[in-house]
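The block underneath contains the structure these notes are about, expressed in structure tokens.
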Amino acid sequence: MSNTTPTTPSGTTIVEIRDLAHGGEGVGKAADGSDARVWFVEGALPGERVRVGVTGEHKRWLRGHVVELLERSALRVQPPCPVADRCGGCTWQHVDPAAQAQLKADIVANQLRRLEVPTPVAVPSPQALGYRRRARLHYRVTGAGGGQALELGFFGQRSHELVDADHCPVLDPALDWAMQRLREWASWLPATGSVHGITNGVEVVLGLPGVRPHPELDAAIRELIASSSASEDGPTLVGVQLRGGREHVGVGRTWLELDGNGPIPPVAQGPFTFSQAQARQNAALVDHVMAMAQPAERRVLELHAGVGNFSRALARSAKRVWTIDGDREAVANLQRTAERWGLPINVKRGQAEKLLGKLAAGGRTYEIVVCDPPRAGIGVQAAKDLIAVASERIVYVSCDPATLARDLAVMIGAGSPFEIADLRVFDMMPMTAEVEVVVTLKRRGARGGAA
Ligand SMILES: C[S@@+](CC[C@H](N)C(=O)[O-])C[C@H]1O[C@@H](n2cnc3c(N)ncnc32)[C@H](O)[C@@H]1O
């Protein structure tokens, strides 16, 4: 077979899509079979036949986007967002929301296919739109001399070109409203920048990196805080954090209390620290991690604890929870929460991999280990250390099935004392291909699997 891509006169190729890649692109081959390379096609679904324009090329693969739909999948729907064809914020607006969780579970199963794992259970999102409580948008100021305007939105697909949108259907409506208020402050903002936001569904806090305090901006923010809190049923902007250089200035209240749930105390959260994107699905995720960890009267080590999303629940019944995270602000938040509510949590700032190495070398063990690393995963050495440090159960929360596959290969591979008790895929961010996977490991032969 030749490695020359067969193209139509217009420079496009007809591709048959068979699968989904872990980034959510359709995976397929040229329909006429004349090219051995694999295509990764944005916006294409399994079972579709599409005309594709090439956007990237490698000796083993090609990347492209759909130029024309020749045969469509039954899972394809009309995108609810009017700028879905340009905006890079969501890549799955064209996928039936009811099918998204299962498609994500299929992607995870495919990524883990070389390992002995059970079929992942899909946990659909309780809502497909208006769910996103945390986001970062970009802005660009246009015009001059008092006539400034602001373009605001996510970057475009495959580009850093801003897609200006006066409404984002995926954002929680309160956050969407507050983000749009930025347009009124155009004259006091730098030429380009980003805005971070977090909401509890009613109150909103915004964060503006690279923006120094300015008396007129300060006055405009205070006016919006006062007018929105005076209105009874609308959303309220409660504060804005300005982070210009080393100056960190808060106007109003710059944190929200999030994720309090019955006996689980809330955590104070600002716009710059990590929080799961959706409140309702996060509550289900925390419940599941609790059911899987079985922390009662156990010593728990929690890596990548952030502001304590799992820690506060684990600490309700654990003997003690030892946490570590690399983010200074998140660690300080969790420390304050633990002190305020008298939770048995020892909070530490540092690198999880280094801590695991030290604990493994010193022969220290914890009955339960929970970890929730960023996309990079924990890595091969840390995975080896982790199975040495955990004596009963490991709950690994992952947002990247490829790095999870690498780490799991060590954790359940030859000679490991652990096996998989449960594998679940939470749809935390519908309309995107993002996944949240929870793998629970237990000692081989030990009783107790899925709750
Ligand atoms: C996906 S977030 C999870 C946070 C928390 N578990 C939650 O559910 O909100 C990953 C966290 O890992 C932290 N982090 C990233 N790299 C780290 C490292 N090498 N060691 C420790 N923490 C790290 C980040 O600061 C972030 O809080």
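Within the range 130-152, being open to solvent by 60 Å² or more (accessible area, probe 1.4 Å) and part of a strand (DSSP E or B) holds for Arg134, Arg136, Arg140. Scan the range 30-72 for residues that are among the small types (Gly, Ala, Ser), over 27 Å from the mean Cα position of the chain (by Cα) and assigned to a loop (DSSP other than H, G, I, E, B) and jot them down. Correct list: Ala31, Gly33, Ser34, Ala36, Gly47. Could you list, in sequence order, all residues of the range 338-352 that are surrounded by fewer than 18 Cβ atoms within 10 Å (Cβ to Cβ) and within 13 Å of the ligand (Cβ to nearest atom)? The answer is Lys348, Arg349, Gly350, Gln351. For first residues located in the range 242-269 and open to solvent by less than 70 Å² (accessible area, probe 1.4 Å), partners that are of a type in the set (Asp, Glu) and part of a strand (DSSP E or B) and lie 6+ apart or on another chain with Cβ distances below 9 Å form the pairs Leu256/Glu203; Pro265/Glu257; Pro266/Glu257; Val267/Glu257; Ala268/Glu257; Gln269/Glu257. In the set (1) in contact with a strand residue (DSSP E or B) (Cβ under 6 Å, 6 or more places away or on another chain); (2) at pLDDT 95 or above; (3) farther than 18 Å from Gln93 by Cβ, Gln148 fails one condition alone, (2). Apart from one condition, Pro173 fits all of (1) at pLDDT 95 or above; (2) open to solvent by less than 30 Å² (accessible area, probe 1.4 Å); the exception is (2). Filtering the range 81-114 to residues that are of a type outside the set (Asp, Glu), in a loop (DSSP other than H, G, I, E, B) and closer than 24 Å to Pro169 by Cα leaves Cys81, Pro82, Val83, Ala84, Arg86, Gly88, Gly89, Cys90, Thr91, Trp92, Gln93, His94.
Before we move on, is Arg328 more than 24 Å from the chain's Cα centre (by Cα) and closer than 17 Å to Phe272 by Cβ? Answer is no for this residue.
Test Ala318 against the stated conditions and say whether it is away from the ligand (no atom under 14 Å from the Cβ) and surrounded by fewer than 21 Cβ atoms within 10 Å (Cβ to Cβ).
On the way: away from the ligand (no atom under 14 Å from the Cβ): yes; surrounded by fewer than 21 Cβ atoms within 10 Å (Cβ to Cβ): no.
It is false that Ala318 is away from the ligand (no atom under 14 Å from the Cβ) and surrounded by fewer than 21 Cβ atoms within 10 Å (Cβ to Cβ).
Filtering the range 398-411 for residues that are within 21 Å of Asp287 (Cα to Cα), in the same structural domain as Arg114 (by TED's automatic domain parsing) and open to solvent by less than 10 Å² (accessible area, probe 1.4 Å) leaves a non-empty set.
Matching residues to (1) of a type in the set (D, E, K, R); (2) at pLDDT 95 or above; (3) not assigned by TED's automatic domain parsing to the domain that holds Thr403:
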position	(1), (2), (3)
Ser34	no, no, yes
Glu48	yes, yes, yes
Val52	no, yes, yes
Leu62	no, yes, yes
Thr91	no, no, yes
Pro97	no, yes, yes
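So, Pro271, is that one more than 27 Å from Val170 (Cβ to Cβ) and either in contact with a Phe, Trp or Tyr (Cβ under 6 Å, 6 or more places away or on another chain) or away from the ligand (no atom under 11 Å from the Cβ) (or both) or not?
no
The number of residues in the range 131-181 that are acidic (Asp, Glu) and in contact with a Phe, Trp or Tyr (Cβ under 7 Å, 6 or more places away or on another chain) comes to 3. For Val195, the requirement of being more than 30 Å from Gly23 (Cα to Cα), touching a residue at least 12 places away in the same chain (Cβ under 8 Å) and within 21 Å of the chain's Cα centre (by Cα) is not met.
Going by what's in this entry, would Gln78 be described as surrounded by fewer than 19 Cβ atoms within 10 Å (Cβ to Cβ) and outside any strand (DSSP E or B)? Answer is yes for this residue.
Among residues belonging to the range 368-396 that are in contact with an Asp or Glu (Cβ under 6 Å, 6 or more places away or on another chain) and more than 17 Å from Ile324 (Cβ to Cβ), point out the one that is nearest to the ligand (Cβ to nearest atom). Among them, the one singled out is Arg375.
The values are calculated or read from the model by the stated rules, or taken from the named source; none is laboratory data. Computed from a predicted structure; not experimentally measured. Positions of Cβ are backbone-derived with ideal geometry, glycine not excepted, and every protein chain shown enters the neighbour counts. Please note that ligands, DNA and RNA were not included when accessible areas were found on the heavy atoms of the full protein model with its side chains. Shrake-Rupley method; radii C 1.70, N 1.55, O 1.52, S 1.80 Å.
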